[in-house]
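J.: Okay, handing you the structure first.
The values are calculated or read from the model by the stated rules, or taken from the named source; none is laboratory data. What you see is a predicted model, and the numbers here were worked out from it, not measured in a lab. Cβ sites come from the backbone with ideal geometry, for glycine too, and all protein chains shown count toward neighbours. Protein only, heavy atoms only, side chains kept; ligands, DNA and RNA dropped before computing areas. Shrake-Rupley method; radii C 1.70, N 1.55, O 1.52, S 1.80 Å.
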Amino acid sequence: MSASGPRDEIERCVEALRTAATSGDEYAAIDAARAGLDAGVPLETMLLDVVAVAQARVGLDWAANRLTVAQEHTATAVHERVLAVLAHEPAARGHRTGPARGRVSVACVDGEWHTFPARLLAEVLRLRGWQVDYLGAHVPTAHLVVHVHRTAPAAVALSGSIATRLPAAHAAISACQAAGAPVLVGGAAFGPDGRYARLLGADAWAPDARAAADLLDAGPPRRAATGLSPGWPPHLAGPEYTALTDRAPELVRGVMQELDEHVPVTEGEEPTGHTAEDVAYVVDYLKAAAYVDDPGLFTSFVSWMAHVLTARGVPARVLAVTLDALAARLAGLPRTRELLAQARAGLPDGPR
């Protein structure tokens, strides 16, 4: 078998694993993964091209309303269990003899609960001979810095899946660098091309676990020499972001009042998109877009949210009312209103 394995065998493994995981059958999922190994699929390929791909398809199925939130959580838990089992396969242990390449700390940004990408990277790095400290979900920056001081890793790998955590990621990047560790970041939060990684001063960015492992194998990243003046860029944590943060609870209450008046929930209707939690999510993304001063961040989120709500039969006007209600309450924040206007223009009924 080639290094990547025949595509048909890999695809068979992906679908067998996804089917078992979405049904919550942990034993069948583990059997499917081991069957792939027995068929000659290399262990790293199993991690990156089977388990990771199966998990990605689960996320797409949830977005398209083919899976409930509970089913998506169940499948993710099963996939994480499969990662743990594969990590203890003889093929994995065989790579851990002799001195390690170096020590890497792998952690999720403070407030980030999506552990799968970080766990995947940790297992790939271990397979390649690194000593890995996997710190898991939601690692407070202060505790991460203590760990960096205590262990002196060659690099810190930070994972962020949700862009709302970009301000926390910025704090973690700066703190780890101040403690002497270069920082590699990855995950959807940092943008498809890593634009927010560069903006926040990370030393390196990788689009996925394979690229991150390859980058570290070539040598820990050096501190990026940006040549930027202290405090750059000026909009990070600027006055509009601060105002949004301070007013977030008030904004959520006001939008909910508008929704109750203009988009009443009927009996039996899916509540998604018409709850305080969902409105708070919109406000959090607006804050993140204000933090990095990128209209594309908020516009792409609104487009994604519209897709998710449409798949669930939620009235399209929910998002329109939400954005209009926010704009009406943010008269003193011109840049934020521009972010809202650009996202609003992309909705089916166009600008207000």
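J.: Looking at Asp349, Asp284, can you tell me which residue is among the acidic types (Asp, Glu) and at pLDDT below 95?
T.: Values: Asp284 fails: at pLDDT below 95.
So the residue among Asp349, Asp284 that is among the acidic types (Asp, Glu) and at pLDDT below 95 is Asp349.
Let's see how each residue does on (1) over 14 Å from the mean Cα position of the chain (by Cα); (2) in contact (Cβ under 8 Å) with a residue 60 or more places away in the chain; (3) open to solvent by 40 Å² or more (accessible area, probe 1.4 Å):
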site	(1), (2), (3)
Leu127	yes, yes, no
Val146	yes, no, yes
Val156	yes, no, no
Ala171	yes, yes, yes
Ala178	yes, no, yes
Gly186	no, yes, no
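J.: Condition first: part of a loop (DSSP other than H, G, I, E, B) and in contact with a Lys or Arg (Cβ under 7 Å, 6 or more places away or on another chain). Can you find one or more residues in segment 208-216 that meet it? It would help to see each step written out before you state the result.
T.: First pass over segment 208-216, keeping only residues part of a loop (DSSP other than H, G, I, E, B): 208.
With in contact with a Lys or Arg (Cβ under 7 Å, 6 or more places away or on another chain) added as a condition, the list becomes none.
No - not one qualifying residue is present in segment 208-216.
J.: Run down Arg57, Arg101, Arg34, Arg81 and say which single residue is under 21 Å from Gly186 (Cβ atoms), assigned to a helix (DSSP H, G or I) and either touching a residue at least 12 places away in the same chain (Cβ under 8 Å) or open to solvent by 30 Å² or more (accessible area, probe 1.4 Å) (or both).
T.: Arg57
J.: While we're here: Just one of the numbered conditions (1) buried (at least 16 other Cβ atoms within 10 Å of the Cβ); (2) over 19 Å from the mean Cα position of the chain (by Cα) is not true of Asp294; which one?
T.: Every listed condition holds for Asp294 apart from (2).
J.: Next up: Taking the options Ala39, Ala21, name whichever one is in contact with a helix residue (DSSP H, G or I) (Cβ under 8 Å, 6 or more places away or on another chain), small (Gly, Ala, Ser) and at pLDDT below 95.
T.: Working: Ala21 fails: at pLDDT below 95.
The unique qualifying residue is Ala39.
J.: Can you tell me which of (1) under 23 Å from His79 (Cα atoms); (2) in contact (Cβ under 8 Å) with a residue 40 or more places away in the chain; (3) open to solvent by 10 Å² or more (accessible area, probe 1.4 Å); (4) part of a helix (DSSP H, G or I) is the one Thr164 doesn't meet?
T.: (1)
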